[in-house]
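Each remark here refers to the structure printed beneath this line.
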Amino acid sequence: MNTTVPERLRSLDVCSGAGGLALGLEQSGFDPVMLLDNRDVACETLRLNRPQWHVLQTDLMAFDPSEHPRTYDVDLLSAGLPRVKATASVQRKDNENEVRLLQATMWLLHGVRPRAVLIENVPHLAKRPDYQPLRDHIAEELDHLEYSHRWFVLDAADFGVPQVRLQGIMVAFRGDVMDAFTVPGPTVTEPRTVGEALGVSMAARGWPDAERWARQANEPARTLVGGSWTRGGADLGPRGTKQAWARMGVDGGTVADQVPDASFLWDPDRGRKGMVALTTDQAAALQGFPESWSFAGRKTARYRQIGHASPPPVARALGLAIAAALRA
């Protein structure tokens, strides 16, 4: 039996956010030589959980790899980029910054020259015809640099995350490595439900209806939406999402400070006052973060980071598939 431990691989992670992508990749054998994000609270979260990681607070479009030679020739460049709008043409005025960050990631390849590239974004970016001009631009850059690439869509629910969350994925390899890459398949046979994921935490303060609530919360969560960093408070998503949460007896219009105690009367027929609200820790569990992962900032800032994050279990599966191809 071969007991050799595979050598760990090196990565550069950009637009790192709360670290969901980097955490899953770490679990699959990648150690980041550097992580970049422009938000101070996200950088604080990364340093809080991994003091040994080299975290740089900077705008991706201002990053010059020549000033950071440690990033040269890494095995993987990973990017959980801000969501390119999924509701209209990629040429929308309010979409410019997201598109610029995607293009900046492509330009970064010229200086870093990673062996592989992983980009995670909205599912429409991978499939929808509206986005074909952007995919064509990316393909042109990759072809010029002699990378082969592939677009596909994954659902986080297929990887043990108790949430229906479709993710648009692009994987690219320098040279002919793509022939050895296999898109990761589901790691679970049945999706986890909200009740299975949160039943124990709901009972933590003696709420007697926790078990009854968990039985009603018998489906995966809808996609958590981080929302805007510049306006509004924390909630679980748009109107349709809130209605889906209401069917589970959850108030999707807010985020709680604590789980309910023994005095809470759960009666969804009373409207929002009779519904339970999720905490940021519970939202993190629905994203597949381990309990040990902490989030910096006040409640709304914590929820924003969680809602925008890439689920670590999906990142782990992708990392394992990319590492296998690189080692083939």
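Please tell me if ARG135 is buried (at least 18 other Cβ atoms within 10 Å of the Cβ) and free of Cβ contacts under 8 Å to residues at least 24 places away in the same chain.
Answer is yes for this residue.
Quick one: which of GLY319, GLY297, GLY252 is surrounded by 16 or more Cβ atoms within 10 Å (Cβ to Cβ) and in the same structural domain as GLY24 (by TED's automatic domain parsing)?
Criteria check complete, one pass: GLY319.
Please list, ordered by first then second residue, the pairs with beta carbon atoms under 7 Å, 6 or more apart or interchain, first in the range 314-328 and at pLDDT 95 or above, second crowded, with 24+ Cβ neighbours inside 10 Å and small (Gly, Ala, Ser).
VAL314/GLY24; VAL314/ALA156; ALA315/GLY20; ALA315/GLY24; ARG316/GLY24; GLY319/GLY24; ILE322/ALA116; LEU326/ALA116
In the range 300-316, which residues are of a type in the set (Ser, Thr, Tyr), over 11 Å from the mean Cα position of the chain (by Cα) and buried (at least 22 other Cβ atoms within 10 Å of the Cβ)?
TYR303 - this is the single residue of the range 300-316 that is of a type in the set (Ser, Thr, Tyr), over 11 Å from the mean Cα position of the chain (by Cα) and buried (at least 22 other Cβ atoms within 10 Å of the Cβ).
Out of (1) touching a Leu at 6+ places or on another chain (Cβ under 7 Å); (2) over 30 Å from ALA328 (Cβ atoms); (3) not hydrophobic (A, V, I, L, M, F, W, C), what's the single condition that is false for THR71?
Of everything listed in (1) touching a Leu at 6+ places or on another chain (Cβ under 7 Å); (2) over 30 Å from ALA328 (Cβ atoms); (3) not hydrophobic (A, V, I, L, M, F, W, C), THR71 misses just condition (2).
Based on this model, can you work out whether ASN121 counts as more than 17 Å from VAL14 (Cβ to Cβ), among the polar types (S, T, N, Q) and modelled with pLDDT under 95?
When the stated conditions are applied, ASN121 does not pass them.
Quick one: how many residues across the range 9-35 are surrounded by 24 or more Cβ atoms within 10 Å (Cβ to Cβ) and either on the phi > 0 side of the Ramachandran plot or assigned to a strand (DSSP E or B) (or both)?
Adding up the residues that qualify gives 10.
Inspect the range 203-212 for any residue being farther than 19 Å from PRO313 by Cβ, part of a helix (DSSP H, G or I) and among the aromatic types (Phe, Trp, Tyr) and give the result as yes or no.
No: the range 203-212 contains no residue that is farther than 19 Å from PRO313 by Cβ, part of a helix (DSSP H, G or I) and among the aromatic types (Phe, Trp, Tyr).
Quickly run through the range 109-165 and pick out the residues that are basic (Lys, Arg) and either out of contact with any strand residue (DSSP E or B) (no Cβ under 8 Å at 6 or more places or on another chain) or in the same structural domain as ARG222 (by TED's automatic domain parsing) (or both).
ARG128
Which residues, taken from the range 221-240, are part of a helix (DSSP H, G or I) and under 15 Å from HIS308 (Cβ atoms)?
Within the range 221-240, no residue meets the criteria.
Taking the condition of being in a strand (DSSP E or B) and surrounded by fewer than 17 Cβ atoms within 10 Å (Cβ to Cβ), how many residues in the range 152-164 meet it?
Of the residues in that region, 2 qualify.
Can you tell me which residue in the range 165-191 is surrounded by the fewest Cβ atoms within 10 Å (Cβ to Cβ), limited to those that are assigned to a strand (DSSP E or B) and hydrophobic (A, V, I, L, M, F, W, C)?
LEU166
Looking at this structure, is GLY226 farther than 14 Å from VAL276 by Cα, touching a helix residue (DSSP H, G or I) at 6+ places or on another chain (Cβ under 7 Å) and small (Gly, Ala, Ser)?
Yes: the conditions hold for GLY226.
The values are calculated or read from the model by the stated rules, or taken from the named source; none is laboratory data. The shown structure was predicted, so the numbers you read here are calculated from the model rather than taken from an experiment. Positions of Cβ are backbone-derived with ideal geometry, glycine not excepted, and every protein chain shown enters the neighbour counts.
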